[in-house]
Every structure is written in structure tokens, then in C-alpha cells.
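Working notes, structure below.
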Amino acid sequence: MRIAQLITTSLAIICSVVAARAQTLTARHLSETHTQVRVDAKDRFLLLPVQETAPEARVRVLSDLQEVQALNIRLAIDKVDYFVPFDLTPYSGKNLLLDVVMNQGRSLRRNSSDDVCWNEMKLSPVFDRSNVEYYRPTYHFSPDYGWMNDPNGMVYKDGEWHLFFQYNPYGSIWGNMHWGHAVSKDLMHWEQLGVAIAPDALGTIFSGSAVVDKDNVSGFGKDAIVAMYTSDGANQTQSIAYSNDGGRSFTKYAGNPVIVAEHPDFRDPNLFWDHHTRQWKVILAAGQEVQFWASDNLKDWTYESSFGTGYGNHNGVWECPDLLKMSLDGKEKYVLLLNINPGGPFGGSATQYFVGQYDGHQFTCDDLPTVIRWMDYGMDHYATVTWSNAPAGRTVALAWMSNWQYANAVPTQQFRSSNSIPRDLSLIRQDKEVLLKSSPAPEVEALRGTPRQFKLSSAEEELFDKPQKAYELVIRFNLPKKENVSFILSNESGEQVVMTYETASQTFSMDRRSSGRVSFSKFFPTVTVAPTRVGGKMELRLFLDSASIEAFGNDFCMTNLVFPTTPYNTLKQNGKVKADVTLYPLSK
Ligand code: FRU
């Protein structure tokens, strides 16, 4: 009798139909971890409620019982942190079934029918993208909502700088990798467009690059943008897609994947035109080395060579390579950018580089294998790659301004991560060495407001009457032999960033241990240190935005995130130098 009752009650629970929205959304709990939601696709969006600390649920979207899309999402258990939009436009008028399977960890907590998400899901004609974040940058690109990591497919065409990026449109934590898309005419004002490339049966869409196929060797159309990305599925393979409408929409090649190999980490293809053989080449990360492949039509690829074993830093996974054709003293030189995670000089992610030659088949490094060169000495400069087809022979790089050690935990929620300012790269000689120099792209200067000049003493100089988040400081000074100097930025709460030139060690350091919010990760409170020539005529350019400081010295750069509770509004020096400061407010 008791057993029969139990069965009836359980059946009643399992079959109970919870009407979340009459006729339009109905949830049916099939088991403790399995729920189906019926959705009449009558509106533009289905708003899905997210709780960041919830484990992921797998949502399969079914139309006529066929799977048409699938995604992972942290559906809210007991509170809604924010909503993300699921675009119903492609299914307009259809009756969809969301087949939702909760993660095991979640079912241990309680029966998922108790979760708040079922009653919070709603249809809506609009999704509000207006900013709600204090740490939203003013002049650095950040997605209007959701998660972003690596810059992808950066290509210049018809007056537009294209920025594609690793994007999760279903939450502000890494996952569901798509290529997001933004365009700019001046590298500073970005318009975010719709998702460019979405996951498919071959996998999610990992990092890659894009080029303009001027000679139509691919047959995809003259001047088509051809992108190559990693399909992250059962294993990592390389696929291509093309666009004939300025990157607004992409068609995936039916013969995908186009490059396969037996490597667990085999990704981030970066295409370049090789003038030696008049062919397209691709460089990609393969375990602890990079590989070069060649093609006449961007579809059929042949392996050519590898580089890396025994060279540089190997304390992490090699990712996101880029081969740059540059010049030094009028002669061709190549620079290989190589991102590594972990293994960076201050933990986690960083960009190293190798200077050398490329003969059309193979890269050789000018330095001894033991030499390690870092492109930026901060903690938040990763996945750095350059624009293809940039005008006027420029080599313009962009970095993801975060670090895998804490990227998912930084104190923002509507979006996570922004990019660095674009940087022009050049080679310089110093003490018989050849170094890669990053300079702020000149386009940044267009954001400058009326400058104010002052001499900096040990007394605190107030920067603005009303504190501002976005500004540039240019500090020029002469540093006598054996002298040290610190520049200290601080706010009314006593939070500060200390930047020090030290003669004995010939270094510049940035201490963000008391910079504001630092406790969200034990890896965040750090002092980063760059080797630099200290002494004589010095110039330090600092770019501040809501949550970042980028420092450019004579021969180094350093990019660090900071989360002050109010903007840093005073500057002083802790030394005896005569420092001339120019302060530019920056705005768009
Ligand atoms: C680098 C990286 C790439 C990969 C992508 C996935 O940050 O790990 O190697 O393609 O991110 O999002």
C-alpha cells in the first residue's frame, strides 16, 4: 500500500506540469535532473535566468523533436544573477522544446523542479543591453554582455577593422565558444555586431584568424574574408568559413575540417600570405611547438615544418601563435608571437616572442634556445595577435586584457573581459639585442581632451576636480645615476598603485597589492617587474581606464588590471626628480 502510494506520488511529481507562462512556456519535469520546457517562439528572445555559482545544465533545443541547437548554461537554482537572451528569430512561429539535463552536482543539492529558473524564464521582444557595470571600460573594447577571451580573425578590409573574439553569449564565464564580432573605422569606436560563427557538430569555435582572399584562390569569391578556426570537438581540428558581406555572415566550408593531426592541443591557426612561395601559410600551436602548413587554395593543406622544441618558455601550453613580417635596418625580419599559459613571468598567462628569419618554409630563431623574451611584463596581456592586411604596412596588435588565473572571477558580471588598447609593433636595437617594441596606436590620441600640465613633487597632485576613470598621463623626467623614483596613484579610499624605477636592478615595477578590490583571487595581488634601462631621459605613458593600467616606458610595456573602488585621483612622486606631467582626459 505504502509502495503504491509512493509510486503515485512520484508519478504525480514527475508528470506535474508547471505553467511558467500560460501557453507560451511550460516546464515538465521528467526526472530529478531532466526537464523539458515548451516554448512558443512568438517573441524575439527567450530570456534565460543565470546564477553564476550554479553548475552548468545542458540545454538541447528541439524543433519537431530534432536537435537544432545546444548550449551549456548555469540556470538559476535559488537566485537570478542576470538574464541572457536566446535568439528565437530563426525559429519564429515554431513550437520548440528545450530539453534540459542538469549537471550531477546540481541534483545532489535538490530536485531540480524546485529551481527558480523554470518560473523566471520569459519571452521578450527586447533584451536590455544598457550598461550596468561600474568597471565597464570607456575606451577599451568589451562585449555588451557575456564572456570574451582571445581576439580572433582580426582583419582590415574596406576601411573597417574587424575584431572577432572568443565569446560566450550564454553567460559571463568561459564556455559555448562562438566568434563574436565588432567593427571599427578608427580602432577606438567599436560597434558590436551579431555572432559571426556559432558551434556546430564538429565542435565549439575556438581561436583562429581571417584573411582577405584577394585573388580568389579559394573560389569563395573575390575579396572574400576567409577565416580559419579550431573546431573543438572530440579532438581539435581546423576548419574554415568565408564571408562575402564584410564579415556580417559566414558560410562554413562543407569539406571541414581542413587540417587534422594527432595532438591533444592542436589549435589557434593563424593565416598569413607568404611572398617567398606566393602561397597561403598557416602557423598553429601543436603541443609544445608551432607548426607551419602551406596551401594554394586555403582548403587543401600540407605540413611543412615545426619550431619550438627547446626554445623559450615551456612551462605551460603553447597557444595563439602569430608570425609577423617586419623590418629592421631596411632588412626583412620575422617575429613569432607565442602565447603561453601558465608559465608567465608572474604566473598564469603571458605573451613571449622570438625574433628570427622565415625562408618560406621554416622559422629559425636568432637567439639562443635559452633566451626568453616577454612582449609585456604585466599580468593581463594574453592571446596577443595582429591584424591581417593592416594599411600602410602597420603591424597592429591587440591583447585580451586578462589572465586565465582569475579571468572568470574578476568583479564584473554583465560582461567579463576587455581588450588592451591597440599597439603598433616595431623592432628596436638595444645593447646588441633586437627587441619588439609595443607603442600605443596613434589613434588613441584622438580621444584626448584638453591637456593639463604640471610639475610633480612629493605633494599629492589632484588630477581632476571630479574624479575620472579614463585618462592618459605622460610623465617625463631625467633620472640621475643611482636615483630611484616611485610614482604613486591613489584614490580617496587610500587605494594605490605604486610604480617604481629602480636603478640597482634596472627595473620598472607596478605594485597593485593595495590597488582596490584584490581578494577575488589569491593570484591577483601582485608586483610585476620589467627589465628596463633606468637612468637619463625617461618617459612613462600611462593609460588608465575603469579597470586597467597600461604602462609604456622607453623600452617596455606592462598591462595590469586594477579594480579601485573609486577612480585614482591623485599622483605624487616618492623621489627627487623633476617630473613634467601632461594629463589628458580620454573620452569617446
Ligand atoms: C587561449 C585559448 C586558445 C583557445 C581559446 C579557447 O586563451 O585557450 O588556445 O583556442 O582560448 O577559448
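Against the condition of a type in the set (S, T, N, Q), part of a strand (DSSP E or B) and buried (at least 23 other Cβ atoms within 10 Å of the Cβ), how does Ser172 come out, does it pass? Spelling it out, it is not the case that Ser172 is of a type in the set (S, T, N, Q), part of a strand (DSSP E or B) and buried (at least 23 other Cβ atoms within 10 Å of the Cβ).
How do the strands (runs of 3 or more DSSP E) wholly within the range 51-147 filter down when requiring 1 or more residues that are more than 30 Å from Trp404 (Cα to Cα): which remain?
Numbers: elements: 57-63, 66-73, 82-87, 95-102, 122-124.
Output list reads 57-63, 66-73, 95-102, 122-124.
Per-residue answers, yes or no, for (1) surrounded by fewer than 19 Cβ atoms within 10 Å (Cβ to Cβ); (2) more than 22 Å from Asp380 (Cβ to Cβ):
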| position | (1), (2) |
| --- | --- |
| Arg416 | no, no |
| Ser420 | no, no |
| Gln430 | yes, yes |
| Glu433 | yes, yes |
| Lys437 | yes, no |
| Glu443 | yes, no |
| Gly449 | yes, yes |
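Given the range 246-363, what strands (runs of 3 or more DSSP E) lie entirely inside it while holding 2 or more residues that are within 16 Å of the ligand (Cβ to nearest atom)? Steps first, answer last, please.
Details: elements: 266-274, 279-286, 289-295, 302-307, 317-328, 331-341, 350-358.
It comes to 266-274, 279-286, 289-295, 317-328, 331-341, 350-358.
If the condition is being out of contact with any His (no Cβ under 6 Å at 6 or more places or on another chain) and on the phi > 0 side of the Ramachandran plot, then the range 230-283 contributes Gly246, Asp268, Arg278. Could you list, in sequence order, all residues of the range 54-80 that are surrounded by fewer than 21 Cβ atoms within 10 Å (Cβ to Cβ) and not hydrophobic (A, V, I, L, M, F, W, C)? Pro55, Glu56, Arg58, Arg60, Ser63, Asp64, Gln66, Glu67, Gln69, Asn72, Asp78, Lys79, listed by residue number.
Scanning the range 380-406 for residues that are more than 19 Å from Trp318 (Cβ to Cβ) and away from the ligand (no atom under 13 Å from the Cβ) yields Trp387, Ser388, Asn389, Ala390, Pro391, Ala392, Gly393, Arg394, Thr395, Val396, Leu398, Tyr406.
Residues in the range 221-236 that are in contact with a Gly (Cβ under 6 Å, 6 or more places away or on another chain) and surrounded by fewer than 17 Cβ atoms within 10 Å (Cβ to Cβ): 1 in all. Being within 16 Å of the ligand (Cβ to nearest atom), touching a residue at least 60 places away in the same chain (Cβ under 8 Å), under 23 Å from Leu324 (Cα atoms) and surrounded by 17 or more Cβ atoms within 10 Å (Cβ to Cβ) is true for just one of Ser239, Ser207. Which residue is that? Result: Ser207 is the single residue among Ser239, Ser207 that is within 16 Å of the ligand (Cβ to nearest atom), touching a residue at least 60 places away in the same chain (Cβ under 8 Å), under 23 Å from Leu324 (Cα atoms) and surrounded by 17 or more Cβ atoms within 10 Å (Cβ to Cβ). Out of Glu289, Glu319, one residue alone is surrounded by fewer than 21 Cβ atoms within 10 Å (Cβ to Cβ), under 24 Å from the mean Cα position of the chain (by Cα) and charged (D, E, K, R). It is Glu289.
Here, each number is a calculation from the coordinates, and none is a lab measurement. Note that the structure is predicted; figures quoted are calculated from it, not measured. When we count neighbours, we look across all protein chains shown, and the Cβ atoms used for this are built from the backbone with ideal geometry, even at glycine.
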